[in-house]
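Below is one structure, written out as structure tokens, with a few remarks after it.
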Amino acid sequence: MAEPRNFKQLGTYDQCIAVPREHPLAGMVRDEIETHPLIRTEDTSQFYDMSVFKHCVQTLHVLLTLECWAEIHPALVTLPVDWDFKVPYGILYQLEPDEDIQRFPESIEAI
């Protein structure tokens, strides 16, 4: 179990899906995506690294992603979806940080 952390939220991103450019969904409209009989879910690691995006391209799997990662891999197309799922983003830091570390999120908040 991960140890507790402070989290300074900077904003939110909409969730999207990313598909390889060759994937049939890359050219389909949203209504077809929602009714496609071949869509299954597959879990991935908790944190995405480049291997997750590469795996998506190699296997032609659809990936739940964020709008901010739209250009992360040249072989993926990020598609917006009509849902209201947002993911907070920000800075994780120790529960009891050193003074220098504590000032950093405080200075961001002041901006």
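The values are calculated or read from the model by the stated rules, or taken from the named source; none is laboratory data. Small disclaimer: the values here were computed from a predicted structure and weren't measured. Neighbour counts are summed over all protein chains in view; Cβ atoms, including those assigned to glycine, are modelled from backbone coordinates with ideal geometry. Surface areas here come from the heavy atoms of the whole protein model, side chains and all, with no ligands, DNA or RNA. Shrake-Rupley method; radii C 1.70, N 1.55, O 1.52, S 1.80 Å.
Within segment 8-27, the residues that satisfy the criterion of being open to solvent by 20 Å² or more (accessible area, probe 1.4 Å) and not in a strand (DSSP E or B) are 21, 22, 23, 24, 26, 27. For segment 73-94, the candidate set comprises residues that are in a loop (DSSP other than H, G, I, E, B) and modelled with pLDDT under 90; within that set, the residue that is farthest from the chain's Cα centre (by Cα) is 94.
The residues of segment 68-111 that are open to solvent by 80 Å² or more (accessible area, probe 1.4 Å) and closer than 13 Å to residue 16 by Cβ, listed by number, are 69, 71, 80, 82, 83, 84, 85, 86.
Pick from 111, 39: which is farther than 30 Å from residue 8 by Cβ and either of a type outside the set (A, V, I, L, M) or modelled with pLDDT under 90 (or both)? Checking each option against the conditions leaves just 39. Number of residues in segment 1-23 that are of a type in the set (A, V, I, L, M) and in contact (Cβ under 8 Å) with a residue 12 or more places away in the chain: the value is 4. Residue 45 satisfies every condition listed in (1) closer than 17 Å to residue 87 by Cβ; (2) modelled with pLDDT of 75 or more except (2). The residue pairs whose first member lies in segment 79-107 and is farther than 17 Å from residue 5 by Cβ, whose second member is in a loop (DSSP other than H, G, I, E, B) and open to solvent by 90 Å² or more (accessible area, probe 1.4 Å), and whose beta carbons are closer than 8 Å, counting only pairs six or more residues apart or on different chains, do not exist in this structure.
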